[in-house]
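Notes follow once the structure below has been shown.
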Amino acid sequence: MRLTTIIFSFVLISLLTACSSQQTSIESPNGNNTIDFFLDEGTPFYSVHHQGKPVIEASRLGFELQDLPALNDGFEITSIEKSDFDQTWTQVWGEKEEIRNHYSELKVNLQETLEPNRELTIVFRAYDDGIGFRYEFPEQPNLQEFNIMDELTEFNMTDDHESWWIGALQWNRYEYLPEHTQLAEVDTVITPFTMKTDDGLHLALHEAALVDYSSMNIEHTGDNKLKANLIPWHDGVLVRASTPFVTPWRTLQIGETAGDLVESYLILNLNEPSKIEDTSWIEPAKYVGIWWEMHLDKSTWGSGPIHGATTENAMKYIDFAAEHGFDHVLVEGWNPGWDGDWFADGVVFDFTRPMDDFDLEKVAEYALDNGVRLMGHHETSASVEHYEGQMEEAFQLYKELGVRAVKMGYVGHGQEIFWTDEDGNRNYEWHHGQHMVRHHQRVVELAAKYNISLNVHEGVKATGLRRTWPNLMTREVARGQEYNAWGSGENVWDGPGNPPNYVTILPFHRNLAGPFDYTPGIVNLYFDEYKPDNRINHTLAKELALYVVIYSPLQMAADLPEHYEERPDALQFIKDVPADWHDTRVLNGEIGKYITTVRKDRNSEDWYLGSITDEESREFSFTLDFLNEGDSYIAQIYRDSEDADWDSNPYGFVVEEMEVDSETEFTVNLAPGGGQAVRFMHVEE
Ligand code: NOJ
């Protein structure tokens, strides 16, 4: 990774041996956000202000440990270190090429005044777009191996904020529609957890750099008080650790607008730079695949007369990909294990041998001969122990076949991942606890060894680790497009699939964590031939706009080749839109209502726009001042027709062109449940 350092300064403001004051603070580079730290009779607390107003009121810090005294009081500050950091780094791929990492840091070193005199360090970083802090447990004689039984970190909010959330610890992992209530109705929720204050400030709680720790949920403990709630191991321990040890960063993104949250790179900035030196094999890509047809029941994952992953069918998809310029062809259901109840019997999956009617080598070679690559698929069915026994051989095989990306699956209920202990007992773990965080780390490092990038479904939530491991490209880990093929309504929405407003929540909620393999681009919206009771709850133009609104460096054209053949007009946009960007801006947005995003292509002067709405029709006007001043562009517009409506006329669709420049006043009209996609094609002189 190229690292462009613009300014780098490290100023040690005070390093005291016995700190007289028991409080200290820092402010972000432009003074927007302030963090105060203090000890109240030896107990650590912090608070956060934005433009002088409290955002997080005095909130407690510390831990309860197993069979050891708690690490939460009796402290004194032994030293304080303050520093500034300002560096611009280049993303291997992403929403923005150059990212500025600019913050003020406060490191507070604490020690218990009485025996066992243990030490704990808390590091705070104040950014202009939010704050982050983490705990460090230094190497020390009186704290070596330890088990965390509670992380006491609080986030005491100032009011009963409007909140968007998904309940934690549920059987279907993170795959629920977000709820929209006041904070008072929140119980224990996953992160990102998004709030809006009465003053219009937008807040998102999450975490960064989740490595060898348990995922953090947020628990509402009463009034407006929130607290870290870590996912337990099977035996109730939350985290197994030994010094030296660091926790993930606890993060709060703070934006004046909803769009500010989307334009914040705080989560990435709090992760370590890439550990992969040669990243030339990590490529953003668009892919098609033998996938939607199984979700429609046109074919099956398992063997039989309508098995989807046959050599012949894969070659048909490769021909389609080659003709239209798609980079990968995903093939699911290629390996033994899918017959029968694979949800329960994942231990039967074989990751190195294809089914009889699928000639793996022939397909992989045919793909390469046609300038396409096979995308691999490892559905583990959450039988992680079984998978780990084969995964190295499986990645090696894919590498030999020229595969550069593998889609991972962990279908299985919330707490059904087991490992077998020395006595032969199966211990059942949650998908997002420390056990699985460790597993996913092993997978990403092993995949990197074999030059393979990952697309993880049902895994651990994203926390910005893609900066450190750029082969960890995208994830689902939320309700994706597939719910439109078979999903029943759960909470909030009582129709099938995802309601029209779902994708207008995602950018400000799930997607703050990182890229989402939502798999957009369904152009046959009713698919009555296969599933007459299901449909896509969007207009056609909105399905196209999702390519700009929902970021993923591996972006799928999810529909069937024959459906695209019927809609060459819509397919054109899917072929043109990039999966890698130089810049991203959010022109407008309200959580759960609408959003307009523009992104500049990383490899040309072209810009793209995606605008989407909920069930309401909307009109927006703005000047195209993001375009190069003085240059001409052809706007290729894919929009809802005047009479389009997601419910009654989703195919109301118009493709038109107009000449524009940076001074053009541009109007976007969105139908109810509609959208608009635009390519601003730069006209070369
Ligand atoms: C769930 C995934 O989200 C989906 O994309 C995949 O097709 C199935 N599991 C089977 O692996």
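The values are calculated or read from the model by the stated rules, or taken from the named source; none is laboratory data. Just so it is clear, the structure is predicted and the values come from calculations on it, not from any experiment. Methodologically, a virtual Cβ is constructed for each residue, glycine included, from the backbone with ideal geometry; neighbour enumeration extends over all protein chains shown. What goes into the accessible areas is simple: the full protein's heavy atoms, side chains included, and nothing from ligands, DNA or RNA. Shrake-Rupley method; radii C 1.70, N 1.55, O 1.52, S 1.80 Å.
For region 577-625, give me every one of the strands (runs of 3 or more DSSP E) that falls completely inside it and has 2 or more residues that are farther than 22 Å from residue 164 by Cα and open to solvent by less than 20 Å² (accessible area, probe 1.4 Å).
Because the criterion is at least 2 residues that are farther than 22 Å from residue 164 by Cα and open to solvent by less than 20 Å² (accessible area, probe 1.4 Å), the strands (runs of 3 or more DSSP E) in region 577-625 that meet it are 581-590, 594-601, 607-613.
For residue 629, work out the one condition from (1) more than 19 Å from residue 614 (Cβ to Cβ); (2) in contact with a helix residue (DSSP H, G or I) (Cβ under 7 Å, 6 or more places away or on another chain); (3) open to solvent by 30 Å² or more (accessible area, probe 1.4 Å) it doesn't fulfil.
The number of the failed condition is (2).
Filter region 550-562 down to the residues that are open to solvent by 10 Å² or more (accessible area, probe 1.4 Å) and either among the β-branched types (Val, Ile, Thr) or without any contact (Cβ under 8 Å) to a residue 40 or more places away in the chain (or both) and list them by number.
If the condition is that a residue be open to solvent by 10 Å² or more (accessible area, probe 1.4 Å) and either among the β-branched types (Val, Ile, Thr) or without any contact (Cβ under 8 Å) to a residue 40 or more places away in the chain (or both), then 562 is the only one that fits.
Checking the structure you have, find out if any residue of region 437-453 is farther than 23 Å from residue 330 by Cα, at pLDDT 95 or above, assigned by TED's automatic domain parsing to the domain that holds residue 291 and open to solvent by less than 20 Å² (accessible area, probe 1.4 Å).
For region 437-453, residues farther than 23 Å from residue 330 by Cα, at pLDDT 95 or above, assigned by TED's automatic domain parsing to the domain that holds residue 291 and open to solvent by less than 20 Å² (accessible area, probe 1.4 Å): present.
Here is a list: 459, 514. Which entry is of a type in the set (Gly, Ala, Ser) and at positive phi? Talk me through it step by step, then tell me what you get.
On the way: 459 fails: at positive phi.
Going through 459, 514 in turn, the sole match is 514.
Hey, among 227, 275, 286, which residue is farther than 26 Å from residue 193 by Cα, of a type in the set (Lys, Arg) and outside any loop (DSSP other than H, G, I, E, B)?
None of the other options fit; the residue is 286.
Is it true that residue 520 is within 16 Å of the ligand (Cβ to nearest atom) and buried (at least 24 other Cβ atoms within 10 Å of the Cβ)?
Working: within 16 Å of the ligand (Cβ to nearest atom): yes; buried (at least 24 other Cβ atoms within 10 Å of the Cβ): yes.
For residue 520, the condition - within 16 Å of the ligand (Cβ to nearest atom) and buried (at least 24 other Cβ atoms within 10 Å of the Cβ) - is met.
Among the residues of region 563-574, is any surrounded by 18 or more Cβ atoms within 10 Å (Cβ to Cβ) and assigned to a loop (DSSP other than H, G, I, E, B)?
Checked against the condition, which is being surrounded by 18 or more Cβ atoms within 10 Å (Cβ to Cβ) and assigned to a loop (DSSP other than H, G, I, E, B), region 563-574 yields no hits at all.
Return yes or no: is residue 278 acidic (Asp, Glu), more than 16 Å from the ligand (Cβ to nearest atom) and closer than 17 Å to residue 452 by Cβ?
yes
Specify which of the listed residues (210, 201, 230, 238) is closer than 19 Å to residue 261 by Cα and open to solvent by less than 40 Å² (accessible area, probe 1.4 Å). So that I can check it myself, show each step before the final result.
Working: 210 fails: closer than 19 Å to residue 261 by Cα; 230 fails: closer than 19 Å to residue 261 by Cα; 238 fails: closer than 19 Å to residue 261 by Cα.
Residue meeting the stated conditions: 201.
Hey, could you check region 182-194 for residues that are open to solvent by less than 20 Å² (accessible area, probe 1.4 Å) and out of contact with any helix residue (DSSP H, G or I) (no Cβ under 7 Å at 6 or more places or on another chain) and say which is farthest from residue 236 (Cα to Cα)?
In this case the residue turns out to be 183.
Condition first: more than 13 Å from the ligand (Cβ to nearest atom) and among the acidic types (Asp, Glu). Now tell me which residues in region 354-384 satisfy that.
356, 357, 359, 361, 365, 369
Residues in region 433-475 that are of a type in the set (Val, Ile, Thr), more than 16 Å from the ligand (Cβ to nearest atom) and outside any loop (DSSP other than H, G, I, E, B): how many?
Selection size over region 433-475: 2.
Check 365, 416, 385 and return the single one that is surrounded by 14 or more Cβ atoms within 10 Å (Cβ to Cβ), of a type in the set (Asp, Glu), free of Cβ contacts under 8 Å to residues at least 60 places away in the same chain and farther than 27 Å from residue 174 by Cβ.
One residue alone meets the criteria, 365.
Considering only region 457-480, how many residues are hydroxyl-bearing (Ser, Thr, Tyr) and more than 21 Å from residue 508 (Cβ to Cβ)?
Result for region 457-480: 1.
Could you check residue 418 against (1) within 16 Å of the ligand (Cβ to nearest atom); (2) modelled with pLDDT under 95 and say which number it fails?
Just one mismatch for residue 418, condition (1).
Residue by residue, here is whether (1) farther than 19 Å from residue 472 by Cβ; (2) within 12 Å of the ligand (Cβ to nearest atom); (3) open to solvent by less than 20 Å² (accessible area, probe 1.4 Å) holds:
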residue	(1), (2), (3)
260	yes, no, no
263	yes, no, no
270	no, no, yes
274	no, no, no
289	yes, yes, yes
293	yes, yes, yes
296	yes, yes, yes
301	yes, yes, no
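Six or more apart or on different chains, Cβ atoms under 8 Å: show the pairs whose first residue is in region 299-324 and closer than 18 Å to residue 375 by Cα and of a type in the set (D, E, K, R) and whose second is away from the ligand (no atom under 16 Å from the Cβ) and not in a loop (DSSP other than H, G, I, E, B).
If the second residue must be away from the ligand (no atom under 16 Å from the Cβ) and not in a loop (DSSP other than H, G, I, E, B), the pairs left are 316/561.
Of the residues 333, 337, 371, which single one is in contact (Cβ under 8 Å) with a residue 24 or more places away in the chain, touching a strand residue (DSSP E or B) at 6+ places or on another chain (Cβ under 9 Å), of a type in the set (Gly, Ala, Ser) and open to solvent by 10 Å² or more (accessible area, probe 1.4 Å)?
337
Determine, yes or no, whether residue 173 is surrounded by fewer than 21 Cβ atoms within 10 Å (Cβ to Cβ), under 26 Å from the mean Cα position of the chain (by Cα) and charged (D, E, K, R).
no
In region 634-649, what count of residues is obtained for those that are buried (at least 17 other Cβ atoms within 10 Å of the Cβ) and touching a Phe, Trp or Tyr at 6+ places or on another chain (Cβ under 8 Å)?
7
What is the number of the single condition among (1) part of a loop (DSSP other than H, G, I, E, B); (2) in contact (Cβ under 8 Å) with a residue 12 or more places away in the chain; (3) more than 16 Å from the ligand (Cβ to nearest atom) that residue 498 does not meet?
Residue 498 satisfies every listed condition except (3).
Checking residue 98 against (1) surrounded by fewer than 16 Cβ atoms within 10 Å (Cβ to Cβ); (2) more than 34 Å from the chain's Cα centre (by Cα); (3) acidic (Asp, Glu), which test does it fail?
(2)
Scan 343, 351 and give me the residue that is within 15 Å of the ligand (Cβ to nearest atom), in contact (Cβ under 8 Å) with a residue 60 or more places away in the chain and aromatic (Phe, Trp, Tyr).
343
Restricting the search to region 114-133, which residues are under 25 Å from the mean Cα position of the chain (by Cα) and farther than 17 Å from residue 36 by Cβ?
Once the filter is applied, which keeps residues that are under 25 Å from the mean Cα position of the chain (by Cα) and farther than 17 Å from residue 36 by Cβ, region 114-133 yields 128, 129.
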